[in-house]
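Structure first, commentary second.
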Amino acid sequence: MTDLKLYGYKQYFDELSNIYLNKKLPNKIIFSGRKGIGKCYFVNHFINFILSINEEYSYDSNNNLINQKNKSFNLVKNNSHPNFYKIKKEDGKKNIDISQIRNLYDFVNRSSFNNKLKIVLIEDIENLSINSSNALLKLIEEPNKNVQYFLIHDISKHVIDTIKSRCINYNLILDNNYKKSIIDHYFGQNIYDNLPNDLKNHFLTPGDIISLINLIISLKLDIENFDIETFLNHLIKENIYKNKQVSINSIKILIEMLFSSRYKDSKNENLLKLSRYFNKKFSEVMNFNLDLEIFFLEFKSKIINAK
């Protein structure tokens, strides 16, 4: 569900909205950036800006606010807007399936409601399979000025070059100064100031931190006295990393933070060697789809249990 308030992207939003109002917005845009910075929130706000123009309770561009009484907002939320189509990886599936792209053909080729712009949103295009990527490529190559494509991409993952070459890439970067506002807004209380400095590390995105806090709460651990080593031990011992409650990237960052903290205290050169070893090992696991459990068991044996 889209949050009604957008934080941290005022400059980007104003730039794109002006381009749109001047009728110069490219009709195929990839929004790239780190996972967890709010790319989907940004795009959903921009979509509401477009769809709600000339509607009652239209988008508040000055404050980047969606009015929950707006008709288009509620139609999109209920997946019933005649001029909007969204695709994302289905639960339990490894990729965005080719059948999802084939279903998109019907939407693209039929007449739009009231002759207005049709909008296609595809979340996490890095999840496209080879077949679905090729099917999408054929679709976006067809001339159709009345269809607007917004594609969202986790910049750390690969997307085939032919799709990227057909689109304008828009790279989103979230200023770290907005972390506090986003996290406090999400939890409905002043929680950021009470977090330990480890969790405020600038490598962690707001999405990363929110996932970690939710997991810490579910494990009934003390947030204010958060300890990386205790937390990682829980993740490994209970196999929590397997159920995707927290991103693998967040776990990797926490592992790096643990090495950094230990080296800072001991200045032991062997820790630097072990850090390089496990970084390389982690990359191999991710790149070649190796057994993550073996990696964590080795990490626990050589690092957590061996002090």
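Since every read-out is calculated from the coordinates, none of them should be taken as a lab result. Here the structure is a predicted model, which means the values were calculated and not measured. Methodologically, a virtual Cβ is constructed for each residue, glycine included, from the backbone with ideal geometry; neighbour enumeration extends over all protein chains shown.
Tell me, what ³J(HN,Hα) does each residue in the stretch 61-67 have, in order and in whole Hz, if you take phi through Karplus 6.51 cos²θ - 1.76 cosθ + 1.60 with θ = phi - 60° and put x for Gly and Pro?
5, 5, 10, 6, 10, 8, 8
At 7 Å along the Cα-to-beta-carbon direction for both S181 and N279, put a label point, then send me their distance in nm to one decimal.
It works out to 3.3 nm between the two label points.
If you look at just the Cα atoms of the stretch 127-213, how large are its Rg and its Dmax in Å?
Rg then Dmax for the stretch 127-213, in Å: 18.4, 53.
Enumerate the whole-percent occupancy of each 10 Å bin, from 0 to the last occupied one, for all C-alpha pair distances of the stretch 176-304.
11, 43, 34, 12, 0
Run the dipole for the chain about the Cα centre, Lys and Arg Cβ at +1, Asp and Glu Cβ at -1, nothing else charged, and hand back the magnitude in debye, nearest 20.
Working: 43 positive and 34 negative charges, 124 e Å.
Around 600 debye, computed over the chain.
Can you pull the percent of Cα pairs in the chain with separation above 27 Å?
Working: 23711 of 46971 pairs.
Cα-Cα pairs in the chain separated by more than 27 Å: 50 percent.
Just how far, in whole angstrom, is the stretch 265-307 from the stretch 108-138 if you go by their alpha carbon centroids?
So the two Cα centres are separated by 41 Å.
Using Cα pairs under 8 angstrom and six or more residues apart, how large is the relative contact order of the stretch 107-213, in percent? Don't jump to the answer; show the numbers that get you there.
Working: 65 pairs, mean separation 25.3, N = 107.
Answer for the stretch 107-213 is 24 percent.
Using 1/(1 + (r/R0)^6) with R0 = 35 angstrom and r between the beta carbons of K88 and L272, what's the FRET efficiency to the nearest 0.05? Don't skip to the answer; put the middle values down first.
Details: r = 40 Å, r/R0 = 1.15.
Computed FRET efficiency for K88 and L272: 0.30.
Over the Cα atoms of the stretch 10-171, what radius of gyration and what Dmax do you get, in Å?
Rg and Dmax of the stretch 10-171, Cα atoms, are 15.3, 42 Å.
Whose amide H sits under 5 Å from the amide H of K28, counting only residues 5 or more places off or on another chain, with H placed in the peptide plane?
Under 5 Å from the amide H of K28: Y149, I168.
Between their Cα atoms, which of K200/K220; K164/K280; K180/K300; K69/K164 are more than 25 Å away from each other?
Numbers: K200/K220 20 Å; K164/K280 28 Å; K180/K300 32 Å; K69/K164 36 Å.
The answer is K164/K280; K180/K300; K69/K164.
Suppose the chain between N214 and S165 were pulled fully straight at 0.36 nm per residue; how much longer would it get relative to their current alpha carbon spacing? Walk me through the numbers before you get to the answer.
On the way: separation 49, 0.36 × 49 = 17.64 nm, distance 3.83 nm.
Computed gain between N214 and S165 is 13.8 nm.
Using Cβ contacts closer than 10 Å as the measure, can you line up S32, S156 from fewest to most? Walk me through the numbers before you get to the answer.
On the way: S32 21, S156 12.
Result, fewest neighbours first: S156, S32.
Would you mind calculating the gained length between F288 and K5 on full extension (0.36 nm times residue separation, minus the Cα-Cα distance), in nm to one decimal? Mind dumping the intermediate values first?
Numbers: separation 283, 0.36 × 283 = 101.88 nm, distance 3.95 nm.
Gain on extension, F288 to K5, equals 97.9 nm.
Which FRET efficiency value, to the nearest 0.05, is calculated for S111 and N54 with the Förster distance at 35 angstrom and r the Cβ-Cβ distance? Before the final figure, lay out the partial values.
Details: r = 20 Å, r/R0 = 0.56.
FRET efficiency, S111 to N54: 0.95.
Aspartates and glutamates near K89 by alpha-carbon distance under 16 Å, same-chain residues fewer than 8 away left out - which ones?
Within the straight-line limit of under 16 Å, K89 reaches these aspartates and glutamates: D97, E123, D124, E126, D154.
The stretch 1-63: which trypsin sites (Lys or Arg not before Pro) are DSSP loop and have at most 16 other beta-carbon atoms within 10 angstrom?
Sites meeting the loop and neighbour criteria: K23, K24.
Quick check on the chain: of the DSSP beta bridges with both residues there, what percent are antiparallel, nearest 5%? Display every interim value, and only then the final one.
Values: 2 of 22 bridges.
Beta bridges within the chain, antiparallel portion: roughly 10 percent.
Under a 5 Å amide H to amide H cut-off, with H placed in plane at 1.01 Å, what residues pair with K86 once short-range neighbours are removed?
L121
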